[in-house]
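Report on one structure; see the data block that follows.
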Amino acid sequence: MPVPVPRQRAIPAVESGQAQAAGAVGGPLKEEAHRDAAPTSGATLTLLLIEDDPVGSPIVPELLDSAGKPVRVRTARNLTEAERLLTDDVHCILLDLALPAPGGSDADDELAVLHHVLQLAPRHAVLALTGSGDAERGAEAVRVGAQDYLVRDELDSRLLSRAVRYAVERKRSDTAERRLTESRLRAQENRRLQRGLLPTPLLDGSSLRFAARYRPGRSRALLGGDFYDAVRTPDGTVHAMIGDVCGHGPDEAALGVELRIAWRALTLAGLCGDQLLGTLQEVLEHERADEETFATLCTVDIAPDGRHAGLCLAGHPAPLLVRPDTPARLLPYDNNGPALGMLPGARWPRVQVELGAEWSLMLYTDGLIEGRVGAGGERLGQDGMVEMIRRQLAEGLRGEELLRAAVQEVRRLNEGELTDDVAVVLLDRTA
């Protein structure tokens, strides 16, 4: 019984660089060509010999693998038989380059048979077999995609056994390197995409200073379910928001981006307060994959004079206001409305807030306050965050430094990485 090789992730043949058109592969070979051909520990090594010897004399001596086990040899007299015999347990192909080219091939292509085999079996190791005076053709076969070439008249058991083992290991190494390269390219593309989805605040003409920190909870991700943005409308009003989609996966991250873009478009169109949040709830209800998905949101619109603002809360923690004459404090949240997606037809009151001549306003998601404090399981909470910010302000921290120090201290208090997304936005107005 042949020992099956574990099947790896299917990769289209056209990715290998050796196949030109995966659609040309027919029958079972189309599926088999997507699988790696590398022996597992203890598996019998299988060699497929493709050659048509008119005198019938065997050209492959008895072979042993590295463990001293006999190598199983299958022989195909043409490519049709080779396609039938090329099953999961074949690890290496020994191809006679003197075979006639398949029908439809370029008559001037001396390696047409090799091109065809590489197309049929892009994940198998291939050894090219040449005549004694055809070393140049063998070298060209290696350049095209074979792992090595052998001269028919020089074959012996030791040389062939070593060449087969080398070809299989080299193919496995090449495949691993290719997959690593593909993985790196995908990661680079994902990072570029995620960076493009992060906001660029539009605050040209405003005297307010803007700072933000963003830290997704998912490992190796650049984007989570938290989202934020800030824009200045033509009348001089600065609008800022921060939100949090429940959950931490890519679906939640995508929904957060959709809500952020919708918020910006609606804000620039002149909507604010209850009308804006009601429209955002409609967007969420149409775009969410699960009816139980919801999002919290905090929006502020700061008047052109910078001294007062309108505040709307949709199930979101209240912002922190810092002024030179008073300790840092949370803004009122008595009129906090429900999270988006929780109640059809909900309303979100807009509360007027006096800011003063000089102030800092910090918007944040619950990832900043839900980290644990030590091993006891107690949460930092809003009160703990307010005390932490007051202490850091007393140390002279402002702007980006303040946000960086806040996130670092929350991680330190949690005694490890935070599992929730964290987003913090800081708007400053100086006299």
Fill in the blank from the handout: Selection from the stretch 108-137 of residues surrounded by fewer than 16 Cβ atoms within 10 Å (Cβ to Cβ), outside any helix (DSSP H, G or I) and either outside the structural domain of I50 (by TED's automatic domain parsing) or among the small types (G, A, S) (or both) yields G131, S132, G133
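So which of E417, E401 ends up being surrounded by fewer than 15 Cβ atoms within 10 Å (Cβ to Cβ), under 21 Å from A212 (Cβ atoms) and modelled with pLDDT under 95?
Values: E401 fails: modelled with pLDDT under 95.
Just one listed residue meets the conditions, E417.
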Exercise for the section: Can you run down the residue pairs with Cβ atoms below 8 Å, 6 or more apart or on separate chains, where the first is in the stretch 82-108 and among the hydroxyl-bearing types (S, T, Y) and the partner is buried (at least 16 other Cβ atoms within 10 Å of the Cβ) and at pLDDT below 80? Expected result: T87/E32
Practice task
Look at the stretch 327-353 and say how many of its residues are closer than 13 Å to A314 by Cα, over 39 Å from the mean Cα position of the chain (by Cα) and assigned to a strand (DSSP E or B).
Solution key: 1
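Looking only at residues in the stretch 87-107 that are of a type in the set (A, V, I, L, M, F, W, C) and part of a loop (DSSP other than H, G, I, E, B), which one is farthest from L45 (Cα to Cα)? Even if it seems obvious, please write down each step before you answer.
Just the residues of the stretch 87-107 that are of a type in the set (A, V, I, L, M, F, W, C), to begin with: 90, 92-95, 97-99, 101, 107.
Still in the list and also part of a loop (DSSP other than H, G, I, E, B): 90, 97-99, 101, 107.
Numbers: V90: 7, L97: 23, A98: 25, L99: 24, A101: 28, A107: 35 Å.
Among those that are of a type in the set (A, V, I, L, M, F, W, C) and part of a loop (DSSP other than H, G, I, E, B), it is A107.
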Practice task
Pull up the stretch 231-271, narrow it to residues that are in contact with a Ser or Thr (Cβ under 6 Å, 6 or more places away or on another chain) and of a type in the set (D, E, K, R), then point me to the one that is farthest from N336 (Cα to Cα).
Solution key: R232
Handout entry: Selected residue (only one of T299, T293, T267, T279 is closer than 19 Å to R347 by Cα and assigned to a strand (DSSP E or B))
Key = T299
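What number of residues within the stretch 59-86 are of a type in the set (S, T, N, Q), surrounded by fewer than 17 Cβ atoms within 10 Å (Cβ to Cβ) and not in a helix (DSSP H, G or I)?
Narrowing the stretch 59-86 to residues of a type in the set (S, T, N, Q): 66, 75, 78, 80.
If we keep only those that are surrounded by fewer than 17 Cβ atoms within 10 Å (Cβ to Cβ) as well, we get 66, 78, 80.
Add one more test, that the residue is not in a helix (DSSP H, G or I), and what stays is 66, 78.
Total meeting the criteria: 2.
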Practice task
Restrict the check to the stretch 277-295 and report whether at least one residue is touching a Phe, Trp or Tyr at 6+ places or on another chain (Cβ under 7 Å), among the aliphatic types (A, V, I, L, M) and at pLDDT 95 or above.
Solution key: yes
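Condition (residue is in a strand (DSSP E or B), in contact (Cβ under 8 Å) with a residue 12 or more places away in the chain and crowded, with 16+ Cβ neighbours inside 10 Å) applied to the stretch 381-397: is it met by at least one residue? Quick ask: steps written out before the conclusion?
Start the filter on the stretch 381-397 by keeping residues that are in a strand (DSSP E or B), which leaves none.
No.
Residue check: is G68 without any contact (Cβ under 8 Å) to a residue 12 or more places away in the chain and at positive phi?
yes
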Completion exercise
So, first residue in the same structural domain as L277 (by TED's automatic domain parsing) in the stretch 346-360, second residue surrounded by fewer than 17 Cβ atoms within 10 Å (Cβ to Cβ) and hydroxyl-bearing (S, T, Y), Cβ within less than 6 Å, six or more apart or across chains; the pairs are E358/T430
Practice task
Tell me, please, whether a residue that is at pLDDT 95 or above, more than 38 Å from the chain's Cα centre (by Cα) and assigned to a strand (DSSP E or B) can be found in the stretch 354-362.
Solution key: yes
Completion exercise
Taking the stretch 302-324 and keeping only residues that are part of a loop (DSSP other than H, G, I, E, B) and closer than 16 Å to T237 by Cα, one is left with A303, P304, D305, G306, R307
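Confirm whether V25 is at pLDDT below 65 and not small (G, A, S). Quick ask: steps written out before the conclusion?
Values: at pLDDT below 65: yes; not small (G, A, S): yes.
In short, yes.
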Problem - Single match in R411, R347 (criterion: surrounded by 14 or more Cβ atoms within 10 Å (Cβ to Cβ) and either basic (K, R) or closer than 21 Å to A211 by Cβ (or both)) - result: R411
Handout entry: Check on E370, among the acidic types (D, E), surrounded by fewer than 21 Cβ atoms within 10 Å (Cβ to Cβ) and either farther than 19 Å from F210 by Cβ or free of Cβ contacts under 8 Å to residues at least 60 places away in the same chain (or both)
Key = yes
Practice task
Determine which member of the set A431, A406, A375 is outside any helix (DSSP H, G or I) and touching a residue at least 24 places away in the same chain (Cβ under 8 Å).
Solution key: A431
Exercise for the section: For residues that are touching a Pro at 6+ places or on another chain (Cβ under 9 Å) and aliphatic (A, V, I, L, M), scanning just the stretch 74-86, find the one that is farthest from T44 (Cα to Cα). Expected result: L79
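The values are calculated or read from the model by the stated rules, or taken from the named source; none is laboratory data. These numbers come from a predicted model, not from an experiment. Don't worry about glycine lacking a Cβ; one is built from the backbone with ideal geometry, like all the others, and counts go over all protein chains shown.
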